[in-house]
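The values are calculated or read from the model by the stated rules, or taken from the named source; none is laboratory data. Just so you know, these numbers come straight off a predicted model, no measurement behind them. With ideal geometry, Cβ positions are generated from the backbone for all residues, glycine too; neighbour counts draw on all protein chains shown. Just so you know, the surface numbers come from the protein's heavy atoms only, side chains and all, with ligands and any DNA or RNA stripped out. Shrake-Rupley method; radii C 1.70, N 1.55, O 1.52, S 1.80 Å.
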Amino acid sequence: MQIVPMQASHWPQVRAIYQTAMQHGGATFETEPPADWLAFASGRLETGRLVALEGARVLGWTALTPYSSRSVYRGVAELSIYLAADAQGQGLGSRLMEALVLASEAEGFWTLLAGIFPDNVASCRLHERHGFRKVGVRERMGRHPLSGRWLDVLLYERRSLLTGR
């Protein structure tokens, strides 16, 4: 298994992993992935756009989204991390998270943010294992389009020990 920068050729598999997560309903309020690679890539930073590959198969991916367009927040980004269903529980999330943190710090990011549904215990644990701490809860942040339930969003933050000091 190798972790490499995401390319346009990975998009169909990245999209499929994202779509599966959306259908499951435990990771995002979104119901449809972006229509194409350009729409996906234009909303995310090049830094941190990574895929875990086994041969040519994408097992998981990460991406960073700018927190704000204001220059004072140039080192702050929100992360996404998604794994194929059959790749979960095998340490792949940790390997992707390590690679994402290294890539972000190499580019000067000092804070990574994540918003996680409380029911997504595995994601909470993954983030906590990699230095994220829960800093708050956005109560009843939105009604999930699949279940109709109002969901809280747990706010996690990781401050770099290398950059932004």
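For this structure, a couple of remarks:
- Accessible surface of the stretch 11-50 [probe 1.4 Å, protein heavy atoms]: carbon and sulfur percent: 53
- By a 1.4 Å probe calculation restricted to protein chains, HIS10 has an accessible surface near 20 Å², given to the nearest 10.
- Full-stretch length increase - SER9, VAL121 - with 0.36 nm per residue and alpha-carbon distance subtracted: 37.2 nm
- Three semi-axes of the equivalent ellipsoid, the chain, Cα gyration tensor, whole Å, largest first: 21, 21, 16
- Applying 1/(1 + (r/R0)^6) with r as the Cβ-Cβ distance of ALA85 and GLU157 and R0 = 22 angstrom yields a FRET efficiency of 0.20.
- Cut-off of 10 Å, at most 13 other beta carbons, DSSP loop: longest stretch of the chain lacking such GluC sites (Glu not before Pro): 47-165
- Residues whose amide H falls under 5 Å from that of ASP152, counting only those 5 or more places apart or on a different chain, are ARG140, MET141, with hydrogens built in the peptide plane.
- Estimated at the nearest 10 Å², the accessible area of ARG15 is 80 Å² with a 1.4 Å probe.
- Calculated accessible area for the chain comes out at 55 Å² per residue, all protein chains present (probe 1.4 Å; ligands, DNA, RNA ignored).
- These residues, THR65, THR20, go from largest to smallest accessible area, 1.4 Å probe, as THR20, THR65.
- Percent antiparallel among DSSP beta bridges (both partners in the stretch 13-119, rounded to 5): 80
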